[in-house]
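Everything on this sheet refers to the single structure shown next.
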């Protein structure tokens, strides 16, 4: 895994190598979120997933994603899949989400960029 200065870790699972995503672009992405890498790899005990729904549409850099994901998707391109290990300070931190995500939880997230447009 690659570790950034912020503490975010990621691994390219599938790298197509097209034009890199930039701040301000609107993209569609699929995701899976888990509390352990094993659960993410086996797609079990997922906290959330877009797999049963349409991909979500986001504008990169507008603050709609967790800080760790905002940082991590820069440089990905259409068709790429990346697995993230997001430390608490780049996710939900001390607050967590009661009943769903514990306080100070590290999140494991898989992102696939399904389409992108500017």
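Just so you know, all these numbers are worked out from the coordinates, no wet-lab data involved. Treat the numbers as computed from the prediction; the structure is a model and nothing was measured. Cβ sites come from the backbone with ideal geometry, for glycine too, and all protein chains shown count toward neighbours.
Tabulated results
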quantity: Potential lengthening between residue 38 and residue 54 on full extension [0.36 nm per residue; Cα-Cα distance subtracted]; calculated: 3.3 nm
quantity: Over the chain, relative contact order from alpha-carbon pairs under 8 Å, at least 6 apart, %; calculated: 37 percent
quantity: Spatial extent of the range 73-118: Rg and Dmax, with the Cα atoms as the point set, Å; calculated: 13.3, 37
quantity: Separation in nanometres of the label points that stand 7 Å from Cα toward Cβ, at residue 1 and residue 103; calculated: 2.3 nm
quantity: 222 nm mean residue ellipticity, helices alone, for the chain (DSSP H n ≥ 4; -39,500 (n - 2.57); rounded to 500); calculated: -2500 deg cm²/dmol
quantity: More than 21 Å apart - percent of Cα-Cα pairs taken over the chain; calculated: 33 percent
